[in-house]
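In what follows, a single structure is set out as structure tokens and then discussed.
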Amino acid sequence: MFKLFVTLIKGKLLESGTTLSDQNALPVLSLQIREAAQDVEGARKAVAVAIAQERLEREAASALRAKIDTLEARALAALQDGKEALAREAADVIAEMENDLSATRVALEEMAPTVQTLKQRVRQAEMRLVALQRGNRLAIARNSTARLQRFVPGSGPERLQVAEETLARLQSRQRSNAYAAEAYDAIRMDRKPDQTIEKLAAAGCGAPVSTSTDAVITRLKAQVNPSKA
């Protein structure tokens, strides 16, 4: 019912000479592509059936040829044994089977190019369908971009630029604040007396601030061997 309704509307538009606007053209194009895809799928299935039928016919012809060969061998054996009546009966069956085989071969000769032509047409239709689908996606993307630019008349791109500039200023301010915090912490740490004393002690200026492992070992060795202290 929906398809019929759409078809009637499109028919009325064509009769009245009205050109579809871009807003209506995209939905109509999408509908047409879906219908075309269904047609291509139906053609693909029909070709698959034709290919399967051709394969069955070839298998049947091969089986028929094998039966004919078997009957001929047996008919020849019957003639050699003097059983002409039995050989004639086999010959009658062979003649009928050979007529069937001949008809099958004629059908296969006609079917092969037809199937090949159908396969080529389906491939061409598939390529055209892919191109249509690609073009439809591109048209939708272009339409969306145009709608974005028209969202606020005359200011769509400008708003984006303003937002980008705001983001850049915010990021710059955040980096500046981070650098200032790092510098402040460094200055505050440098001004601590304990920090300065530790730096001097580590440089060998004055007694060590904390006990080291080497100092403990030296003290213990002195207790063990007082004479060497």
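The values are calculated or read from the model by the stated rules, or taken from the named source; none is laboratory data. On a predicted model such as this, the values are computed, not experimentally measured, just so you know. As a convention, Cβ positions derive from the backbone with ideal geometry for all residues, glycine included, and neighbour counts pool all protein chains shown.
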Could you identify the single residue in Ala46, Ala125 that is closer than 30 Å to Ser30 by Cα, surrounded by fewer than 13 Cβ atoms within 10 Å (Cβ to Cβ) and touching a residue at least 24 places away in the same chain (Cβ under 8 Å)? Ala46
Confirm whether Leu108 is part of a helix (DSSP H, G or I) and touching a helix residue (DSSP H, G or I) at 6+ places or on another chain (Cβ under 8 Å). yes
Does Gln133 qualify as being touching a residue at least 12 places away in the same chain (Cβ under 8 Å), closer than 30 Å to Ile33 by Cβ and either assigned by TED's automatic domain parsing to the domain that holds Ala36 or loosely packed, with under 15 Cβ neighbours inside 10 Å (or both)? yes
Does Lys67 meet the test of being touching a residue at least 24 places away in the same chain (Cβ under 8 Å), farther than 22 Å from Pro113 by Cβ, assigned by TED's automatic domain parsing to the domain that holds Lys119 and surrounded by 13 or more Cβ atoms within 10 Å (Cβ to Cβ)? yes
Long-range neighbours under 8 Å by Cβ, at least six apart or interchain, first residue under 11 Å from Ala61 (Cβ atoms) within the range 98-119, second among the basic types (Lys, Arg): Leu101/Arg65; Leu108/Arg58
Looking at (1) surrounded by 12 or more Cβ atoms within 10 Å (Cβ to Cβ); (2) within 52 Å of the chain's Cα centre (by Cα), which is the only condition Ala52 fails? (1)
